[in-house]
Amino acid sequence: MAIFVEQLLNALALAGLLFLVSAGLSLVFGILRVVNFAHGVFYMLGAYLGFTTVAVSGWFWPALLVVPPVVGVVGALLEASTLRFIYRRPPIYQLLLTFGLALILEESVRVLYGPTAKGIDPPPLLEGAIGIAGTLYPRYRLFLIVLSLAVGAAVWLFLQKTRSGLVIRAVAQNSEMADCLGADIARVRTWVFGAACALAGLGGVAAAPMTTAYLGMGIGVIVDAFVVVVIGGLGSIPGSMAGSLIVGAAQTWGAYYLPETAMVIMYAVMGAILIFRPWGLFGEEE
Amino acid sequence: MRRREFLKAGMVGGTAVAVGGPFVLRQADAQNPIKIGLPTVLSGGNAQYGTQAKRACQLFGKEVNARGGILGRPVEFIYEDTGADPATAVRKAQKLVEKDGVKILTGTVLSSEALAVSAKCPEWKVILMSTINGAGALTAKSYNRYFFRVNTSGPMGARAVSLYLAEAPMKRFFGLGSDYAWGRDSVASFSAQIVAAKKEVVGRDYPPVGTKDFASYIGKIRQSRAEGCYLVLPGQDATIFLKQAHQFGLTREVKPIMEIVELENIKAVGEAMVGTIGSSRYPFTVDTPKNRDFVKRFHAMHGVYPDMFDGETYEGLEWLAQVMQKAGTADDVEKIIAAWEDSSYEGLEGPFFMRKCDHQAVQPGFAVEVVKDPAYPHPVPKILATYPGDRVTPKCRTEEFV
């Protein structure tokens, strides 16, 4: 029982992190029709900026508040200065561009911070472990679960209940029609791209106390995030949530019971989805 | 259509990640210099190791050139980024040999890269001097006479830890190694020696390289009721594991034991690493006059304390210079090989001897514990036991011990 509860919490915490990254990836593809390979790098950027903020201020909480908007602004500026000009070209152009941006950002971080991983300590309130169902569980991971649930709910409510959310959904559904009806497509794209980067940045800050900030963390997470998006369905927030839970659970239980095949399980699920429901669990059939 | 594009794009991008981006760093030409080529890793996750090799070269180059160079010729280093890919490493090494005319290669980071480059050395007639590579095979199954290993190998590190644990009170161990040659070989060799010492290995696991969440493994290690956990994880994976194990409170119940205890890990993990034991190929805290002086000079130049491969690379270069002086040449590879075989050298941490039979440098082995020390800004490796070279070096051209 203790083991089950522990592994369940592990799966939820990992799913939480995956959700913060994949939600943005999914959103960007839904609105911009761009596979953003640089998305993982914004996650890494969040972690490193979080490290700097904690080092400068001595506190963890400001990092959680300040870093996501900063990463969001960096993302929005990059979209407005590069991606904006090539939406009409074939998808390979956008892919090459975002991949190039990923390399540039990653190497810039290496030059600025050096090749060594940077550790961040969790805030004192979340330090250490507490007893749950007869096992010790780190407080910080519980916080991650709560944080990602709250963010997920907020993003979903924003998209469903606000006027801006309505416009974004309209652009996602049919951008030409939305354009004709007076939506400022270019602005929507920049905002969505920035917001998605901010989400990834938040994921990065939140992940840093658990995984440290290190080079290559972006590329590691983007692969999982792609799987999440394929499973959950493109452009769907509930889909990202479900996909994250499935991938988190597959990795956690897989590593525990079938360590040799933990990776295979995740891709087997993705393969099954592609065969039987190619538009993903929550995606819309085209 | 959007879905297919997404998948297609993902695949193209994935291939691009695997290929990576190369770039080149060069130093200025001097007159008729002795050129030493480093096909090393300067970008990506393993760049910390290439950086260490480079730092050692910078210090050594500055010092030796201030003294008038080797055989009156200045020494020049040429760095090439391999991106941690064996095929690229061979290509960059070939460029260094054919275009730059180097006779000595060093600085290879991954054992897989060293194996690939070493295999080409007999054809190119150049020496590959390892100061980093751990795989036992390099001086055993895959030995060739153009390859010299100055550093402590992986099996030698595992041996030093095993010798220490054989006398320690712990009885039950768990082995956690990354899922590739180094991780699996080291866990196997550790298990064999633990069993030989009449102790028990209660579990083994092999997480994939790049694992970011070790929670499942931590749960398993706790379940196994092991007293010590032997970790064979590369830099970042080790950092992440130790950080998470500490958060789960695991390190209070199970002693982490590492095949290599690196400063890079200690700095990233911080206080959570205090108490970890393991081997170190070069602990900078070794108390010899030569090392104390080296640490001072290194710190003055780079502002940090030397890590394992800073020390090992510096030793390799110093030894090489001594050998070139003795051979009276920096170009005649055959003469350098002959002068190096069965030669001795006083290293930073003690006496070194280059065995003729397999070109493995016999040298002291260390068991260390990470401790807090107010004299340093971060925890440091404290030496628990020093083993003489003949106890930690395997039988000639094998990975086995007497």
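Remarks
- Any hit, the range A:70-86, residues being under 30 Å from B:His246 (Cβ atoms) and within 19 Å of the chain's Cα centre (by Cα): yes
- Just one residue in the set A:Ile265, A:Ile231 is at pLDDT below 90 and away from chain B (no Cβ under 11 Å); that residue is A:Ile265.
Results for (1) surrounded by fewer than 15 Cβ atoms within 10 Å (Cβ to Cβ); (2) more than 12 Å from chain B (Cβ to nearest Cβ), shown as yes or no for each residue.
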| residue | (1), (2) |
| --- | --- |
| A:Phe60 | no, yes |
| A:Val67 | no, yes |
| A:Ile86 | yes, yes |
| A:Pro91 | no, no |
| A:Leu96 | no, no |
| A:Phe99 | no, no |
| A:Thr116 | no, no |
| A:Ile130 | yes, no |
| A:Leu144 | no, no |
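- Given (1) closer than 18 Å to B:Asp310 by Cα; (2) touching a His at 6+ places or on another chain (Cβ under 7 Å), index of the condition B:Thr139 fails: (1)
- Filter pass, A:Ala154 being out of contact with any strand residue (DSSP E or B) (no Cβ under 8 Å at 6 or more places or on another chain), more than 12 Å from every other protein chain (Cβ to nearest Cβ) and at pLDDT 90 or above: yes
- Pairing each residue of the range B:199-216 that is assigned by TED's automatic domain parsing to the domain that holds B:Ser186 with any residue that is assigned to a loop (DSSP other than H, G, I, E, B) and surrounded by 21 or more Cβ atoms within 10 Å (Cβ to Cβ), provided the two are 6+ apart or on different chains, yields C-beta distances under 6 Å for B:Val202/B:Ala226; B:Val209/B:Ser178.
- When the test is whether a residue is surrounded by fewer than 22 Cβ atoms within 10 Å (Cβ to Cβ) and in a loop (DSSP other than H, G, I, E, B), A:Ala178 does not pass it.
- Restricting the first member to the range B:156-174 and to residues that are without any contact (Cβ under 8 Å) to a residue 60 or more places away in the chain and surrounded by fewer than 21 Cβ atoms within 10 Å (Cβ to Cβ), and the second to residues that are part of a loop (DSSP other than H, G, I, E, B) and polar (S, T, N, Q), the beta-carbon pairs closer than 9 Å and six or more apart or on different chains are B:Arg172/B:Ser224.
- A:Ala183 outside any helix (DSSP H, G or I), farther than 29 Å from A:Ala47 by Cα and touching a residue at least 12 places away in the same chain (Cβ under 8 Å): yes
- Verdict on A:Val205 being away from every other protein chain (no Cβ under 14 Å), farther than 21 Å from A:Gly16 by Cβ and either touching a Phe, Trp or Tyr at 6+ places or on another chain (Cβ under 9 Å) or assigned to a helix (DSSP H, G or I) (or both): no
Results for (1) more than 28 Å from the chain's Cα centre (by Cα); (2) buried (at least 24 other Cβ atoms within 10 Å of the Cβ); (3) within 11 Å of chain A (Cβ to nearest Cβ), shown as yes or no for each residue.
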{"residue": "B:Gly219", "(1), (2), (3)": "yes, no, yes"}
{"residue": "B:Arg225", "(1), (2), (3)": "yes, no, no"}
{"residue": "B:Cys229", "(1), (2), (3)": "no, yes, no"}
{"residue": "B:Arg252", "(1), (2), (3)": "yes, no, yes"}
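Listed here are the residues, each with its yes/no results for (1) modelled with pLDDT under 90; (2) of a type in the set (Val, Ile, Thr); (3) touching a strand residue (DSSP E or B) at 6+ places or on another chain (Cβ under 9 Å).
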{"position": "B:Arg2", "(1), (2), (3)": "yes, no, no"}
{"position": "B:Glu5", "(1), (2), (3)": "yes, no, no"}
{"position": "B:Val24", "(1), (2), (3)": "yes, yes, yes"}
{"position": "B:Ala28", "(1), (2), (3)": "yes, no, yes"}
{"position": "B:Pro39", "(1), (2), (3)": "no, no, yes"}
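- Search result, residues across the range A:6-28 that are within 12 Å of chain B (Cβ to nearest Cβ) and within 13 Å of the chain's Cα centre (by Cα): A:Leu14, A:Ala15, A:Gly16, A:Leu17, A:Leu18, A:Val21, A:Leu25, A:Ser26, A:Val28
- Residue match in the range A:4-19 (condition: within 19 Å of A:Ile168 (Cβ to Cβ) and either buried (at least 24 other Cβ atoms within 10 Å of the Cβ) or of a type outside the set (Gly, Ala, Ser) (or both)): yes
- Test: residue in the range B:149-163 that is closer than 27 Å to A:Gly128 by Cα and out of contact with any helix residue (DSSP H, G or I) (no Cβ under 7 Å at 6 or more places or on another chain): no
The values are calculated or read from the model by the stated rules, or taken from the named source; none is laboratory data. Since this is a predicted model, take the numbers as computed values, not measurements. So basically every Cβ, Gly included, is an ideal-geometry build from the backbone, and we count neighbours across all protein chains shown.
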